[in-house]
Amino acid sequence: MERPNEVWTIGSILKWTGQYFAEKGVESPRLDAEVLLSNVLGKERIYLYVHFDEPLQVDEMARYKGMIKKRALRMPVAYIIGYKEFMGLDFAVSPAVLIPRPDTEILVEAVIERLKEKESVNFVDVGTGSGAIVLSLLANLPQAVGSTVDISEAAILVAKENAEKLGVINRVSFFHGDVYSPVKDQLFDAIISNPPYIPDSDIEGLQPEVKCEPHGALAGGTDGLGFYRKLVREGVSLLNPGGFMAFEVGIHQATAVAKLADAFAELGEVSILKDYGGIERVVIINKRE
Ligand code: GLN
């Protein structure tokens, strides 16, 4: 990308970067080029379109080049710029946490719908990561308090930073540990989780971007269902009567996860919700009154 006698403009560098990313196998090359450049310039993407002829300053170009190198190595855009939007809120992210996905908004919206009329709510989110689920729930449910558990201390630090920024830190308790181990003495109105669910045999074939994400947030064991078995079995006695469990699930897992409820007389009606791509993505299991 050396152009000694020419100055790079917003238009020319975007064109070059879009082509370069495409050669590197990036799925949305032009969009990513724009998102990274608007981050360097501290402007909205729309700014780029009306300033194609604007030359880039030396320091801007240097910072952009650094980002281009990372993206060409297939590091996710969210890790490069350090944040990801979820439920209309900005979440700080780092390679210590899974990047929040739009499909997970289906889970959050379904939980908000079920809890919004309740006067007081106490829920737990198992596997905090960035805090996307628990914190967007708290932002939308002013009457709620949440507990959250993660096995990764590095993830908890990211989630705490997000809780602070979103102004909900006084309504959330962070616990370090495996699944329910630190919250075994509590009772909840809802148990929510997007656990690691990718079957071991699928890990190798994941996109390079996904392989940058924490293995512990993705790998769900031989059939990808191990966490759901534990979440359901040990969760029954932690739920108040009339409460529910809501889980994000991987492709083709919904029926198997829904069936886990059959083994417990205390559990009743189960519903399955689809994501934006028509894939069964969320399983909700109700505890009887
Ligand atoms: N949705 C993620 C993916 O498909 C997986 C997240 C998870 O294992 N909970 O990459």
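Observations on the structure shown:
- Of Ala254, Ala190, all but one fail to be buried (at least 20 other Cβ atoms within 10 Å of the Cβ) and either among the polar types (S, T, N, Q) or in contact with an Asp or Glu (Cβ under 6 Å, 6 or more places away or on another chain) (or both); the exception is Ala254.
- Residue list for the range 84-109, filter: away from the ligand (no atom under 14 Å from the Cβ), open to solvent by less than 60 Å² (accessible area, probe 1.4 Å) and touching a strand residue (DSSP E or B) at 6+ places or on another chain (Cβ under 6 Å): Phe91, Ala92
- Positions within the range 213-229 being part of a loop (DSSP other than H, G, I, E, B) and either closer than 19 Å to Leu107 by Cα or within 14 Å of the ligand (Cβ to nearest atom) (or both), in sequence order: Glu213, Pro214, Gly220, Gly221, Asp223, Gly224, Leu225
- Checking each residue in the range 129-151 for being part of a loop (DSSP other than H, G, I, E, B) and open to solvent by 10 Å² or more (accessible area, probe 1.4 Å) picks out Gly129, Pro142, Gln143, Ile151.
- Scanning the range 238-264 for residues that are within 16 Å of the ligand (Cβ to nearest atom) and on the phi > 0 side of the Ramachandran plot returns a single hit, His252.
- One residue from Val145, Val168 being touching a Leu at 6+ places or on another chain (Cβ under 7 Å), of a type in the set (A, V, I, L, M, F, W, C) and farther than 25 Å from Ala261 by Cβ: Val168
- Against the conditions (1) open to solvent by less than 30 Å² (accessible area, probe 1.4 Å); (2) in contact (Cβ under 8 Å) with a residue 24 or more places away in the chain; (3) small (Gly, Ala, Ser), Ser181 satisfies every one except (1).
- No other residue among Val232, Val158, Val270, Val210 is assigned to a helix (DSSP H, G or I) and more than 18 Å from the chain's Cα centre (by Cα) apart from Val232.
- For the range 169-204, a tally of residues being within 15 Å of the ligand (Cβ to nearest atom) and outside any helix (DSSP H, G or I) returns 10.
The values are calculated or read from the model by the stated rules, or taken from the named source; none is laboratory data. Model, not experiment: these values are computed from the prediction. Counting neighbours? That spans all protein chains shown, and the Cβs are built from the backbone with ideal geometry, glycine included. For the accessible areas, the whole protein counts, side chains as well, though only heavy atoms, and no ligand, DNA or RNA atoms are used. Shrake-Rupley method; radii C 1.70, N 1.55, O 1.52, S 1.80 Å.
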